[in-house]
Amino acid sequence: MAPQERTSCCEQEDDSRQKAVIDNNLSNIDLSGSFINKAFTNDSTDNTSNTTNKISDTINNNGNENEKKPTDFDELLPYVGEFGLYQKMLFLLMIPFAFFVAFVYFSQIFMTIVPEQHWCWVPELANLTVEERRALAIPPKSEGPYSHDRCRMYSADWAAALAQGRTTPDDEWPTIPCAHGWEYNKSDVPYDTIASELDWVCEKDNLPATAQAIFFCGAIVGGLVFGWVADKYGRIPALVGTNLMGFTAGLGTAFCSTFWSFALCRFLVGLAFDNCFTMMYILVLEYVGPKWRTFVANMSIALFFTLAASLLPWIALLADDWRLFAAVTSAPFILALATPWVVPESARWLVSQGKIDKALVIMKKFERINKTKIPDKVLNEFTESSLKTIKESEAESRSYSVLDLFKTPRLRKNAILLIIIWMAISLVFDGHVRNVGSLGLDIFLTFTIASATELPADTFLTAVLDRWGRRWLACGSMVISGIFSLLATAVPVGGPSATLAIMGRFAVNISYNIGLQYAAELLPTVVRAQGVALIHIMGYVASIVAPFVVYLANISQDLPLLILGVLGVMGGLLCLFLPETMDTEMPQTLQDGENFGKDQKFWDNPCFSRKTVDDESPERYTKRASVAHEEPQFIRSVPSAISSRASIRASVRASARGSLRKREVSRKREMV
């Protein structure tokens, strides 16, 4: 067993024994010392202590003198560093998992691609040149993008025709479907794929889309299974399991020789899709402070996922064989076996499961690597608060499941909106990814350029997401994507349509990454992994349709872009009905999720914050600039390259102020 500080999933302890175990573990942890942060110096020798006393006095004066103030996990992060050395190490450890999800997602495109130019193979004419065979045996076409029929051939006595020295067909020869397979012009796809090897063309040209749909069916099952594993047994077991599944099924794909064996392997690979990266994505987000979530969430995609996706077509060309390509893109997944030794389990998840002692051991590791210190008082308050929450949960006999998202009105509305919006985003994104072959340009180069749009899109998003907020930016990017998609149908096929379609892809990249972060920030911790998995599962359901939407290009090249354009506009407008999550703490409990955003209004915008009497409401985002109006707790001792919007000082004070206000409002309501 890997050294991940785990206990049995069936472990049941009473309150007294649980507290004794935690106390014993805490006694073995060095909790002495004061908070050390080399980037700041205290205004006084005990400013933090004084501030804590002031907060306690404020609460006691409100009539709750015997009740200790609750401390949540977010309040520990400023003391260990919201993006310290350890968090940066975890950020870099996202690299292999970002590569894995890109390989899982896109590799099938280059395994099933078929050369545009193909025609019936006539073995009796093997001694002729390609042009001579095609001129003699293949019916010409005057309409459409191809000069010859791709699915029919003339039926004739070829030995007699050759003896007569014929180089052109007889008008009286009948035509029949291809009887001996096809031959392919490999100028656009210079290697054998499973589709060209097994002749998935003409009446079988729907098989690549069907295989892709089966892949997403596997993703649905994998999302359910590994989402449950993540919330039941932890993020690390789910992360290792999903990547090992991708490794096994990916290698198995290289040995397929029929459609159904290929479909089975792609179904199993689909089990690994998304979760092979999402679990790591969620885990790292849980360990960074609110001011750094946007950077981690988006730059991990911009740098790592984009690089992997842009390299993938050239890996396919270098492999020069679809079987070798399948093996090369699957073998690295075995590295996931090292995960338990290099990636810590989610401390938030451990706390939610009552394993507070193990969470504190991990936090001590953060202290050691980041060279920081959590004050004893903060740790004690956190432990007592967590024990109280656990006791209350046990008293309620609650076993949380994804169904809890739909039991209260506001949380239900948010969950349903997230599902619908993510389905629209997934379909539009996947449609743009797979539609590159219908744009009239080289698919390898076009795919690389389209994938590279992730970098500027995510860099732009990182710069503005914490200034403009999630709601309006998600809405605007989706609507713009839809408009560009619609415009692409009004210009000639080729360079003009490809340019507009790539701009649509650029815009939907922004929406896609906002959606990934939005769900993780809006759903409560107790069901976050299951909730995110459910939302992504519904995205897979929409993605099942995407290959068939792209397949409509065989009827009309404009149909896919028309559908993607309409869905983009409609999905973007729905984003406005979600609450803003900028500058807020992630909800921990179901009640937190239900209360989230209660005081927000439809037209609220972080760029134009409204002023109200109750401007300390914990459910509404607060402009970071307001932090400067309060008396500072720290004085910066050295210049910092980090902007004031992302500074640790702002994070500490905003977190403390938000938590205090939340508790004060809660107690006032109880008194009323």
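The values are calculated or read from the model by the stated rules, or taken from the named source; none is laboratory data. This structure is a prediction, so every number in the text was calculated from the model and none was measured. A quick note on method: Cβ atoms are made from the backbone with ideal geometry, for glycine too, and the neighbour counts reach across all protein chains shown. Side chains included, ligands, DNA and RNA excluded: accessible areas come from the protein's heavy atoms. Shrake-Rupley method; radii C 1.70, N 1.55, O 1.52, S 1.80 Å.
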Cα centre as origin, Lys/Arg/Asp/Glu Cβ charges: the range 118-184 dipole, Debye: 180
Would you mind checking Lys232/Lys601; Lys88/Lys601; Lys358/Lys388 for any pair whose Cα atoms are more than 28 angstrom apart? Lys232/Lys601; Lys88/Lys601
Karplus-derived HN-Hα couplings along the range 207-221 (A = 6.51, B = -1.76, C = 1.60, θ = phi - 60°), whole Hz, x at Gly and Pro: 5, x, 5, 5, 4, 5, 5, 5, 4, 6, 4, x, 5, 5, 5
Determine, from the Cβ-Cβ distance of Ile555 and Asn185 and an R0 of 22 Å, the FRET efficiency 1/(1 + (r/R0)^6), rounded to the nearest 0.05. 0.45
Which whole-Hz couplings ³J(HN,Hα) result when phi for each residue of the range 293-303 is put into the Karplus expression 6.51 cos²θ - 1.76 cosθ + 1.60, θ = phi - 60°, listed in order with x for Gly and Pro? 4, 5, 4, 5, 5, 9, 6, 5, 6, 4, 8
Measure of exposure for Glu585: accessible area at 1.4 Å probe, Å² rounded to 10, is 40
Determine ³J(HN,Hα), in whole Hz, for all residues of the range 348-360 in sequence, where each value follows from phi through the Karplus function 6.51 cos²θ - 1.76 cosθ + 1.60 and θ = phi - 60°; x replaces Gly and Pro. 4, 5, 4, 5, 5, 9, x, 9, 5, 4, 6, 4, 5
Where the only charges are on Cβ atoms (+1 Lys, Arg; -1 Asp, Glu), what is the dipole of the range 399-597 about its Cα centre, to the nearest 20 debye? 340
Near the amide H of Asp192, under 5 Å away, which other amide H atoms are found, from residues 5 or more places off or on another chain, if H is placed in the peptide plane? Trp322
Among 249-255, 554-560, 509-515, what's the highest-first ranking by average C-beta atoms within 10 angstrom per residue? 509-515, 249-255, 554-560
Under the rule of at least 5 residues apart or a separate chain, name every residue whose amide H is placed under 5 Å from the amide H of Asp274. none
Using only the Cα atoms of the range 333-489, build the gyration tensor, take square roots of its eigenvalues as a ≥ b ≥ c, and label the shape rounded, prolate or oblate: rounded if a/c is under 1.5, else prolate if a/b is larger than b/c, else oblate. prolate
Return the long-range amide H neighbours of Thr589 (sequence gap of 5 or more, or a different chain), with a cut-off of under 5 Å between placed amide H atoms. Thr525
Work out the charge dipole of the range 346-397 with +1 on the Cβ of Lys and Arg and -1 on the Cβ of Asp and Glu about the Cα centre, then indicate which of Gly354, Phe382, Ile369 is farthest towards its positive end. Ile369
Charge sum, other residues only, whose C-beta stays under 14 Å from Gly252's C-beta, Lys/Arg counted +1 and Asp/Glu -1: +2
Classify the range 346-397 from the C-alpha gyration tensor, please: rounded if a/c falls under 1.5, else prolate or oblate depending on whether a/b exceeds b/c. oblate
Magnitude of the Cβ-charge dipole of the range 346-387, K/R +1 and D/E -1, about the Cα centre, nearest 20 debye? 280
Quick shape check on the range 118-184: root eigenvalues a ≥ b ≥ c of the Cα gyration tensor, a/c under 1.5 is rounded, otherwise prolate if a/b tops b/c, else oblate, and it reads prolate
Using 0.36 nm per residue, how much length does the chain from Thr408 to Asp442 gain when fully extended, once their Cα-Cα distance is taken away? 7.2 nm
At a probe size of 1.4 Å, how large is the accessible area of Lys388, to the nearest 10 Å²? 100
